[in-house]
1. Taking segment 29-79, which residues are closer than 17 Å to Asp229 by Cβ and in contact with a Cys (Cβ under 8 Å, 6 or more places away or on another chain)?
2. Show the residue pairs that are 6+ apart or on different chains and have beta-carbon atoms under 7 Å apart, the first residue being within segment 38-56 and touching a residue at least 40 places away in the same chain (Cβ under 8 Å) and over 10 Å from Val8 (Cα atoms), the second being within 16 Å of ligand 1 (Cβ to nearest atom) and not in a loop (DSSP other than H, G, I, E, B).
3. Only one of Ala264, Ala185 is closer than 23 Å to Phe141 by Cα, more than 16 Å from ligand 1 (Cβ to nearest atom), open to solvent by less than 50 Å² (accessible area, probe 1.4 Å) and not charged (D, E, K, R); which?
4. Could you grab me the full set of residues in segment 69-89 that are assigned to a helix (DSSP H, G or I), surrounded by fewer than 16 Cβ atoms within 10 Å (Cβ to Cβ) and not charged (D, E, K, R)?
5. Within segment 26-34, is there a residue that is more than 16 Å from the chain's Cα centre (by Cα), of a type outside the set (Gly, Ala, Ser), more than 29 Å from Leu217 (Cα to Cα) and within 15 Å of ligand 2 (Cβ to nearest atom)?
6. Would you tally the residues in segment 1-23 being within 17 Å of Ser81 (Cα to Cα) and within 15 Å of ligand 1 (Cβ to nearest atom)?
7. Within segment 24-35, identify whether any single residue is within 12 Å of ligand 1 (Cβ to nearest atom), modelled with pLDDT of 95 or more and touching a Ser or Thr at 6+ places or on another chain (Cβ under 6 Å), and answer yes or no.
8. Out of everything in segment 35-53 that is more than 23 Å from His222 (Cα to Cα) and open to solvent by less than 60 Å² (accessible area, probe 1.4 Å), what residue ends up being nearest to the chain's Cα centre (by Cα)?
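The values are calculated or read from the model by the stated rules, or taken from the named source; none is laboratory data. Remember, it's a predicted structure, so these values are computed and weren't measured experimentally. Methodologically, a virtual Cβ is constructed for each residue, glycine included, from the backbone with ideal geometry; neighbour enumeration extends over all protein chains shown. When the accessible area is computed, the model is the full protein with side chains, heavy atoms only, and any ligands, DNA or RNA have been set aside. Shrake-Rupley method; radii C 1.70, N 1.55, O 1.52, S 1.80 Å.
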Amino acid sequence: MPGTLITVAPTGAETAKDDVPKLPTTLDELVAEAKACEAAGASLVHVHIRDDEHRPTLDPQRLHDTVQALREQTDLIVQLSTGGSVHDPLESRLKVLDAEPDSCSLTCGTTNFGDDVFLNPYPFMGQLYQQAQEREVVPEFELFDLGHVAALRRLLDTYGLPYGGKVHVDFVTGVPGGMPGTVEALVAGVQALPAEVTSWSATGIGRAHLPIAAAALGMGGHLRVGMEDNLMYAKGRPVRDNAELVARAAALADLMQRPAITTAEARSLLAVRDRRARS
Ligand code: KMH
Ligand code: ZN
């Protein structure tokens, strides 16, 4: 089995800074956290940004500055969320790629999201996918539900392969309204994947975090961890920072004899275009 790609999702859009002051919401906090996560074994960072009041935003200039700062100060693959928050309009989400990330998330269907709805109509997915192909941005297909696998298949059949020819998907399990964070649901999802898929990762929201990580490692999958998905390190013990979640994932991967891969190996696994400045 291959080594393990560790993705960190440090911030998300659904947790308030007031509730979790350790959440990295400023650019300085995000970059510092990203550096620590890279040192702990992460090779990809999934990014949501916040405004001066720590509220989720898709402000184009801020997105651009964030991509540049992460690219200058880390070697992580920079993946911007095109999901944003459940309140972001589709038009703003379609402008995210203007910031020229290495990768972008692309959710493969609408999902109930607690009391809200995370909207992803098929025409929006198609538009975003074609934009990613044209701009040579590698998508990570986010699968929140089994039906999303069918939508992914339709997308690949209709528009062909992503830039670089690799197809990487991420199972986001345990969202209230999506597929449960169980080993059974993950196995069903993996078994249904189209043949074009070259790599997959998985995350479990909240208490599903560790069982899903262990199952993914056992099945040859990769890992996503981070405070977007999990705010508790253990029962009664809040997460101190993202790096400790990455360090735990790396230790688990080591134990399973699938050590964390380097950023260079991750770039090759996902076939991202090299946008780093040459010196
Ligand atoms: N914040 C969720 C509504 C993504 O980043 O693409 C959507 C999300 C998925 O986090
Ligand atoms: Zn996200």
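1. Matches in segment 29-79: Val45, Gln79.
2. His48/Pro56; Pro56/Arg50
3. Every option except Ala185 fails the conditions.
4. Gln73
5. First, pick out the residues of segment 26-34 that are more than 16 Å from the chain's Cα centre (by Cα): 26-29, 31-32.
Now restrict to residues that are of a type outside the set (Gly, Ala, Ser): 26-29, 31.
Imposing the further condition that a residue be more than 29 Å from Leu217 (Cα to Cα) reduces the set to 26-29.
Next, only the ones that are within 15 Å of ligand 2 (Cβ to nearest atom) stay: none.
The answer is no; no qualifying residue exists.
6. The number of residues fulfilling the criteria is 10.
7. To start, the set of residues in segment 24-35 that are within 12 Å of ligand 1 (Cβ to nearest atom) comprises none.
There is no residue in segment 24-35 that is within 12 Å of ligand 1 (Cβ to nearest atom), modelled with pLDDT of 95 or more and touching a Ser or Thr at 6+ places or on another chain (Cβ under 6 Å).
8. My answer is Ile49.
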